[in-house]
Amino acid sequence: MGQNVQESKIVKKVINHLYIHYPFCTSRCGYCSFYTEAFSWARQTEYLKLLQVEINSYVYNSRYDLQLDTIYFGGGTPSLLSSGYTSVLTSIISEKNKECEITLECNPITMTEAYIKVLKLSGVNRLSIGIQSMNEKNLKYLGRRHSPKQVIDVVSKLRKKKYNNISGDLIYGIPHQTLADVEKDIEEFIKLGLDHISIYCLSLDDDAPLAKDKKLIPKDEIVADMYQLICHKLREVGFEQYEISNFAKKNKYSRHNLAYWQQKDYLGLGPGAYRTLGDSRCHNGEYAQWKDAIEFGRDCPNKEDLSKKDLLNEYIMLQLRLNRGLDLEELNLKYGFKIWDEKKNILRKFIDTGYLEENQKRLCLTDKSRFISNYVISELMEE
């Protein structure tokens, strides 16, 4: 009796955000340095069984109270996952709110009419399409197997199925790309009528297949001009830039990604996934390590305890990435860090040079500094 009373007093940690990593791809894109696995039906079947065990351990685990506001299927190529299985996974996670945002990253070549029809029944209500470019030559260079026409057809099919929250990814700074090329590309993106656009400057890590072409990427000043051109073009047609690399039509922000930028707790399931709960961050590891942990009932194999300094600096970085900027009162309340006391000279310099602006007790990056945000933000962190 006493034990039951004691157990009933346990306060469960409320979790509102869940990331599920699907690691498989049919081929590796030339610019990709993310963790992926080669697709096979046998491996996918095993993955789904293990993932269901992992999901159940969190759904019924007394430590957590899942009240999910966002679920995000990332990868890899999650649209290789049968839409029927997506439905099963979302139904297992029954503790989702009525207005839960459920995002699926997808490759245009997987989005057949039959797939979209069944996907609509799965609960997925937001799609993030890996378009990357509407230029045939650039798509081939990047190792993408779809065509611009396929992208147009996919978006049209999604609209016919009443999908009203569609995002597309754009890569710029591709070798030999000019400002005129970027302008044409973003104009083609705009014609698609997307609700959200994420932009990424091409970065070739040493382990990426195209790493040998790193020296061919346009010079920094040209890439900076490309960034400014994209920002201008998108704002011109009604997109709001709410984060350094993200633009959305009204009420179409990515709620899941905002949770990351607002330093909220989230669970991460699947190989390669992270989870962050308070001052603890865990990484599931790659497939073999993830599988081993599940089969032997072990918790997250790679755990990192974040110091107050770690969390403070991360908070400064994440908040300044958002256009709304860094709330100075909140920064002081959360971390006891009075940034004007600690960084007065640097702040004054950045404000005088037009890299920062102070607006209603917030610090915000400006158009001038967003492309060099890493430099500005690093100067404001606690040493």
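The values are calculated or read from the model by the stated rules, or taken from the named source; none is laboratory data. Predicted model only: the values in this text are computed from it and were never measured. For neighbour counting, all protein chains shown are included, and Cβ atoms are generated from backbone atoms with ideal geometry for every residue, glycine included.
List of remarks:
- Hey, ASP69 more than 20 Å from the chain's Cα centre (by Cα), surrounded by fewer than 23 Cβ atoms within 10 Å (Cβ to Cβ) and part of a strand (DSSP E or B) or not: no
- Matching residues in segment 123-138 - criterion: being surrounded by fewer than 22 Cβ atoms within 10 Å (Cβ to Cβ) and either of a type in the set (A, V, I, L, M) or part of a loop (DSSP other than H, G, I, E, B) (or both): GLY123, ASN125, ASN135
- For segment 311-349, the tally of residues that are acidic (Asp, Glu) and free of Cβ contacts under 8 Å to residues at least 24 places away in the same chain stands at 2.
- Filtered residues of segment 289-308 (kept if more than 16 Å from ASN56 (Cα to Cα), assigned to a helix (DSSP H, G or I) and within 24 Å of the chain's Cα centre (by Cα)): GLN289
- Condition check for HIS176 on (1) modelled with pLDDT under 95; (2) part of a helix (DSSP H, G or I): one failure, at (2).
- When ALA293, ALA211 are checked against the criterion of being surrounded by fewer than 17 Cβ atoms within 10 Å (Cβ to Cβ), among the hydrophobic types (A, V, I, L, M, F, W, C) and free of Cβ contacts under 8 Å to residues at least 40 places away in the same chain, a single residue qualifies: ALA211.
- Number of the condition not met by TYR227 [criteria: (1) more than 23 Å from PRO78 (Cα to Cα); (2) among the hydroxyl-bearing types (Ser, Thr, Tyr); (3) not assigned by TED's automatic domain parsing to the domain that holds CYS100]: (3)
- Condition met for SER62 (of a type in the set (Gly, Ala, Ser), part of a helix (DSSP H, G or I) and either modelled with pLDDT of 85 or more or surrounded by fewer than 19 Cβ atoms within 10 Å (Cβ to Cβ) (or both)): no
- Any hit, segment 358-372, residues being surrounded by 14 or more Cβ atoms within 10 Å (Cβ to Cβ), among the β-branched types (Val, Ile, Thr) and outside any helix (DSSP H, G or I): yes
- SER280 falls short on exactly one of the conditions (1) polar (S, T, N, Q); (2) over 26 Å from LEU380 (Cβ atoms); (3) not assigned by TED's automatic domain parsing to the domain that holds LEU68, and that condition is (2).
- Count of segment 332-357 residues which are assigned to a helix (DSSP H, G or I) and over 26 Å from the mean Cα position of the chain (by Cα): 15
- Pairing each residue of segment 351-364 that is touching a residue at least 40 places away in the same chain (Cβ under 8 Å) and closer than 15 Å to ILE377 by Cβ with any residue that is part of a loop (DSSP other than H, G, I, E, B) and of a type outside the set (A, V, I, L, M), provided the two are 6+ apart or on different chains, yields C-beta distances under 7 Å for LEU363/GLY325; CYS364/ASN323; CYS364/GLY325.
- Of the residues making up segment 84-112, those that are in contact (Cβ under 8 Å) with a residue 40 or more places away in the chain, within 20 Å of GLY130 (Cβ to Cβ) and in a helix (DSSP H, G or I) are PRO108, ILE109.
Residues checked against (1) surrounded by fewer than 20 Cβ atoms within 10 Å (Cβ to Cβ); (2) in a strand (DSSP E or B):
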position	(1), (2)
ASN251	yes, no
HIS256	no, no
TYR260	yes, no
GLN263	yes, no
LEU267	no, yes
GLY272	no, no
THR276	no, yes
ARG281	yes, yes
GLY285	yes, no
